[in-house]
């Protein structure tokens, strides 16, 4: 009887150890893949903008955000998000900008984000985002399919009007942290 | 029991509890308990969330009116879709002076994306990005887990340049943080709809949505802006569901007289 009990206990312990390892594998490893491209840190280049204090009452990451008029100026070469690190494994590299929440129903503009892997003939796509719809959230832009062995991956807001959306120079678009994975 | 046995039991309990919290099983129990109170609006949001699985093809016309400080801007659209990945979208847009600002065609056959500017007589053609070749469910599954999940729109909505994108594929809108309230069960254009009022967290956004009860597609949307004044109104009309569009609808061949330009140049509108 004791032998049976001991065997059951050993099996239970094995099961528990296996469960813990499975948990660590599925959660801790994945959690480590999330990063944020933000101002004032060493893990990013190219977040070129003069940070504006987040307006009182707004929800912005680290209290800063930047804005420009939707479609109202030449291409925004002075701002882009570029991770300093790239994956060493063959896996997608995701991007998701945070859209600030101004705490009122006033509307934001719609913009295109250009995502490119920097290779000649490589992946490049434009994702239109109506910022009004996603205030206070990170919104997924999609991924470049191979986040490794690439000279750079870049997300660049493009100052052009998005078909179907108003773009008369009165609406603003906002830039804040970019969530990415590698 | 010995100390070791207690330790083993405690660990097992902790682990099982952890597993429950991770998998959301307890949340499921809680949601079942409270389902009677929220069933109506929850049903409507559930329809939005699974909308792309409830229809196979769509043909419709759409209008969007923007009410801005400078006046009204009008957008006329037509859209044909064969799921999962064939779309044709045409847009005619005038500004507040009535001047044409977009006469534009966007087509994907699931392999290529074709864009045509009828004002400049130009077109461009490029590959569908890898993420948009996945279903929404697969895209979510392949996205790394995050403490606060990013909103993941339908892959086609992430590419389609039109307000219609998130109304035809409302799975992204269903993930917003805020409160959906069911105001009524109505008929719009002869179709039963849920009339939903959405208020974003911290009063960040206010919308009224009419959600088609059978497909989950939003067939009318009103977005309110500053001081709760109507800012955008989009309506779908002439809706035809599950009558497959002819395959030639999704041709990516340019008409005579149009000039090819690379995507980056084409995008400088």
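The values are calculated or read from the model by the stated rules, or taken from the named source; none is laboratory data. Remember, it's a predicted structure, so these values are computed and weren't measured experimentally. Cβ placement follows ideal geometry from the backbone for every residue including glycine, while neighbour counts extend to all protein chains displayed.
A few remarks follow.
- Any hit, region B:63-76, residues being over 30 Å from residue B:224 (Cβ atoms) and touching a strand residue (DSSP E or B) at 6+ places or on another chain (Cβ under 6 Å): no
- Among the residues of region B:48-63, those that are within 20 Å of residue B:171 (Cβ to Cβ) and part of a strand (DSSP E or B) comprise B:57, B:58, B:60, B:62.
- Among the residues of this structure, residue B:186 does not count as one that is touching a strand residue (DSSP E or B) at 6+ places or on another chain (Cβ under 9 Å), on the phi > 0 side of the Ramachandran plot, away from chain A (no Cβ under 14 Å) and not in a helix (DSSP H, G or I).
- Residues that are within 7 Å of chain A (Cβ to nearest Cβ), without any contact (Cβ under 8 Å) to a residue 40 or more places away in the chain and touching a helix residue (DSSP H, G or I) at 6+ places or on another chain (Cβ under 6 Å), drawn from region B:148-165: B:151, B:152
- Residue match in region A:140-153 (condition: facing chain B (nearest Cβ under 8 Å), buried (at least 23 other Cβ atoms within 10 Å of the Cβ) and closer than 23 Å to residue B:201 by Cβ): yes
- For residue B:110: the one exception among (1) in contact with a helix residue (DSSP H, G or I) (Cβ under 9 Å, 6 or more places away or on another chain); (2) under 21 Å from residue B:244 (Cβ atoms); (3) part of a strand (DSSP E or B): (3)
- Scan of region B:135-147 for residues that are within 7 Å of chain A (Cβ to nearest Cβ) and either at pLDDT 90 or above or over 19 Å from the mean Cα position of the chain (by Cα) (or both), ordered by number: B:142, B:144, B:145, B:146
- Scope region B:91-119; condition in contact (Cβ under 8 Å) with a residue 24 or more places away in the chain and more than 8 Å from every other protein chain (Cβ to nearest Cβ); matching residues: B:97, B:107, B:108, B:109, B:110, B:112, B:113, B:114, B:115, B:116, B:117
- Among (1) in a helix (DSSP H, G or I); (2) more than 30 Å from residue A:179 (Cβ to Cβ), the one test that residue B:131 misses: (2)
- Selected residue (criterion: nearest to the chain's Cα centre (by Cα)) from residues of region B:167-206 that are buried (at least 23 other Cβ atoms within 10 Å of the Cβ) and without any contact (Cβ under 8 Å) to a residue 40 or more places away in the chain: B:172
- Of the residues making up region B:217-250, those that are away from chain A (no Cβ under 13 Å) and either in a loop (DSSP other than H, G, I, E, B) or more than 17 Å from residue B:164 (Cα to Cα) (or both) number 10.
- Residues in region A:143-167 that are at pLDDT below 85 and assigned to a loop (DSSP other than H, G, I, E, B): A:145, A:146, A:147, A:149, A:150, A:151, A:152, A:153, A:159, A:160.
- Selection from region B:120-134 of residues that are more than 9 Å from chain A (Cβ to nearest Cβ) and surrounded by 15 or more Cβ atoms within 10 Å (Cβ to Cβ): B:122, B:123, B:124, B:125, B:133, B:134
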